[in-house]
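The values are calculated or read from the model by the stated rules, or taken from the named source; none is laboratory data. Source: prediction; values computed, not measured. Here the Cβ is made from the backbone with ideal geometry for all residues, glycine too, and neighbour counts use every protein chain on show. Surface accessibility is based on the protein's heavy atoms, side chains included, excluding ligands, DNA and RNA. Shrake-Rupley method; radii C 1.70, N 1.55, O 1.52, S 1.80 Å.
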Amino acid sequence: IYINADNKTDAIVAAVKSKKYRRIYLAPEQLIANDIRQLCKDPVWSKDVIAYIIDEAHVVMQWGGSFRPVYQMLSDLRHIGAGKILIMPVTATLSLRMYHELVEILELKDPAIVNMGCQRPNIHLRI
């Protein structure tokens, strides 16, 4: 399920609390929102969380606080939840400078890097 400000309801939050969904995609604002944040702090609920995946992670640096201030709060993910939860930023457009900024902003410790390169044989442009 994907949760953002437009579709979030009490029923959806209740379904998330009951662990109805195995994958929950949240807009950053929802992950930092009080009700979801409290849920992530609950050790009984969060023990089953294996990762916070931040899609389009380059946006954290490119637009960051000026576009969506909550992006600057994503490092808080490290401090909520039970045990060690993987923080996995993913992006297809991250420069080396942005990589170092992202590591600092998200407080990543010895991050593993998977770089698939720029070649995408399955993508074609025809004019």
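Among the residues of the range 53-62, those that are of a type in the set (A, V, I, L, M) and either part of a loop (DSSP other than H, G, I, E, B) or open to solvent by less than 100 Å² (accessible area, probe 1.4 Å) (or both) comprise Ile54, Ala57, Val59, Val60, Met61.
Restricting attention to the range 89-127, the residues being closer than 18 Å to Tyr52 by Cβ, open to solvent by 100 Å² or more (accessible area, probe 1.4 Å) and outside any loop (DSSP other than H, G, I, E, B) number 1. The criterion of being modelled with pLDDT under 80, small (Gly, Ala, Ser), open to solvent by less than 20 Å² (accessible area, probe 1.4 Å) and on the phi < 0 side of the Ramachandran plot does not hold for Ala33.
Of the residues making up the range 39-52, not a single one is without any contact (Cβ under 8 Å) to a residue 60 or more places away in the chain, open to solvent by less than 80 Å² (accessible area, probe 1.4 Å), under 15 Å from Pro111 (Cβ atoms) and in a helix (DSSP H, G or I). Applying the set (1) assigned to a loop (DSSP other than H, G, I, E, B); (2) closer than 23 Å to Val103 by Cβ to Val70 leaves exactly one unmet item: (1).
This table checks each residue for (1) over 16 Å from the mean Cα position of the chain (by Cα); (2) modelled with pLDDT of 85 or more.
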position	(1), (2)
Gly64	no, no
Gln72	no, no
Asp76	no, no
Thr91	no, no
Leu94	no, no
Val103	no, yes
Asp110	yes, yes
